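Single-structure report; data block below.
The values are calculated or read from the model by the stated rules, or taken from the named source; none is laboratory data. Here the structure is a predicted model, which is why all the values come from computation and not from measurement. Note: ideal-geometry Cβ built from the backbone for every residue, glycine included; neighbour counts use all protein chains shown. Side chains are part of the model used for accessible areas, which takes the heavy atoms of the whole protein and leaves out ligands, DNA and RNA. Shrake-Rupley method; radii C 1.70, N 1.55, O 1.52, S 1.80 Å.
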Amino acid sequence: MKATGIVQMKINNNKLTMSCLLLSILLALTGCGKSHTTPTPVKTNPDTSTAYKDPAQYGTPYANVPATKDMVIYEVNLRTYSPGTFAGALPRLDSVKALGVNVVWLMPTYPIGTLKSIGSPYCVKDYTGVNSEFGTLSDLRAYVDKAHSLGMAVIMDWVANDTSWDSTWITNKSWYLQDGSGNIIDPPGTNYTDVAALNYANNDMRTAMIRAMKYWVFTANIDGYRCDFADNVSSNFWAQALDTLSTIKTHKLIYLAEGTTSAEISSGFQVDYAFSYYSTLKGVYGGTQAPSSILTTNSSELSSIPSTGTKMRYITNHDDASSDGSTLTIYKSKQGALSAFVMAAYMDGIPMIYDSQEVGYPNAINFFTDVPVDYTANPDIVAAYKKILAFRAAHEAVKTGALTQYNDANIIAFEKVSGTDDVLILVNATGNAVNFAIPAALQNTGWKDGFSGAPVTLATQLSFSGYQYIVLSKN
């Protein structure tokens, strides 16, 4: 999602509802309103024209795209590197892999518009171009090749809701939403004045959009997309686009929606956003919500989407690092940030890391500008991330196990079981030293420490320091 300057534009439920209503009114005359129910996929193949040919395949399609349950995503903001280019970021891929990551998400790498621009990378001028600030197509390919060689898939950021005002598409006026006077308009229900809203009632535009998405799969050998502001795009378009992309049998593609509706999962996305989970985490660490509320949010989020999909859990991302500041600020300390990440990585769904959080970058990051990060800082935090993610990779119970929660006023406690694999996660989400009364079902049970392997026997009580977390397994 875009932000204006350093301030992130948050789309809350009421505003999003108004956006959908306004957009539905504008599109009603053409019979293409936004649906929040299970969509009817559009099966028409947009690439049947004899004049159109898919681009030639660059490289060898990556064969080891992880299953959804195994994904650990790392969001790359090239502007945090020195230099802020593909070439500048490429040497960091070894360290990213060493964390336990298997999917790299590149923030937008397309040319940015200049007309009415505020510098947002989400103001796309050319869907099939490369931002020269970051390098060339060859540089992008080299980055993808290196990631693949290390065992990581690469997904690109896709901005389908709108384009820049000087986009290569802008002369196709019917491809854009217009007011009663025939003027192209901003996206309804937003404050995004730097972009022009696309018209999903126009089949030619939809065809061009899908072809542009196919372009990068073939031309840069990427492995899918994170789709920006997905809630604001007609779900029947997503069904059409993902149905078409899925005909590319040489690639296993990842589809991540920055959205929350069940219609997106029904349309083919495997993963969508955990906005509520992040909001609840902030409330817990800010002292405005009870620790146990994170377990309630976890359950309600997952139950809101079809079982074919899951949630991407995070403790920050490019929007939140801009508006809310460092994870050290949001979660009060290094230890607080790590304890929050344990929950994001272990509770349910799949985890995401925004580059800079693993080294404890202490300030807000405005992703419109270069903000070089010292990636050698805080090796102790890096080491902790590696342990947390290694435990996740080793335990199917963490990824798919049935969750049992144990209620406590201060400690977030849950057990997950899959077959013979049994793990127990205990997190003090307060900055105070507290005692935890061991639930009767867990008293006098034997475990081992998930990080050191040392044997642990639970008696009747455990003492926790502020933001301490304990991770245990039966095997």
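Yes/no per residue for (1) open to solvent by 10 Å² or more (accessible area, probe 1.4 Å); (2) touching a residue at least 24 places away in the same chain (Cβ under 8 Å); (3) assigned to a loop (DSSP other than H, G, I, E, B):
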{"site": "L338", "(1), (2), (3)": "yes, yes, no"}
{"site": "D348", "(1), (2), (3)": "yes, yes, yes"}
{"site": "I353", "(1), (2), (3)": "no, yes, no"}
{"site": "E358", "(1), (2), (3)": "no, yes, no"}
{"site": "N363", "(1), (2), (3)": "yes, yes, yes"}
{"site": "Y375", "(1), (2), (3)": "yes, yes, yes"}
{"site": "V382", "(1), (2), (3)": "yes, yes, no"}
{"site": "D408", "(1), (2), (3)": "yes, yes, yes"}
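Going through segment 112-127 one residue at a time, which ones are within 22 Å of the chain's Cα centre (by Cα) and not hydrophobic (A, V, I, L, M, F, W, C)? Steps first, please.
Of the residues in segment 112-127, the ones within 22 Å of the chain's Cα centre (by Cα) are 112, 119-124, 127.
Scanning segment 112-127 gives G119, S120, P121, Y122, Y127.
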Next item on the list: May I ask you to say which residue of I470, I412, I425 is modelled with pLDDT of 95 or more, touching a Pro at 6+ places or on another chain (Cβ under 7 Å), surrounded by 15 or more Cβ atoms within 10 Å (Cβ to Cβ) and outside any helix (DSSP H, G or I)?
Entry: I412
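So, A67, is that one of a type in the set (G, A, S) and either open to solvent by less than 70 Å² (accessible area, probe 1.4 Å) or modelled with pLDDT under 95 (or both) or not?
Working: of a type in the set (G, A, S): yes; either open to solvent by less than 70 Å² (accessible area, probe 1.4 Å) or modelled with pLDDT under 95 (or both): yes.
It is true that A67 is of a type in the set (G, A, S) and either open to solvent by less than 70 Å² (accessible area, probe 1.4 Å) or modelled with pLDDT under 95 (or both).
Out of curiosity, is N172 surrounded by fewer than 21 Cβ atoms within 10 Å (Cβ to Cβ) and within 26 Å of N199 (Cβ to Cβ)?
Working: surrounded by fewer than 21 Cβ atoms within 10 Å (Cβ to Cβ): yes; within 26 Å of N199 (Cβ to Cβ): yes.
Yes.
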Next item on the list: Go through segment 414-437 and give me each residue that's out of contact with any His (no Cβ under 8 Å at 6 or more places or on another chain), within 15 Å of G450 (Cα to Cα) and aliphatic (A, V, I, L, M).
Entry: V417, L424, I425, L426, V427
Notebook entry, point to check: Which of (1) under 24 Å from the mean Cα position of the chain (by Cα); (2) of a type outside the set (D, E, K, R); (3) surrounded by 15 or more Cβ atoms within 10 Å (Cβ to Cβ) does N191 not meet, given it meets every other one?
Noted result: (3)
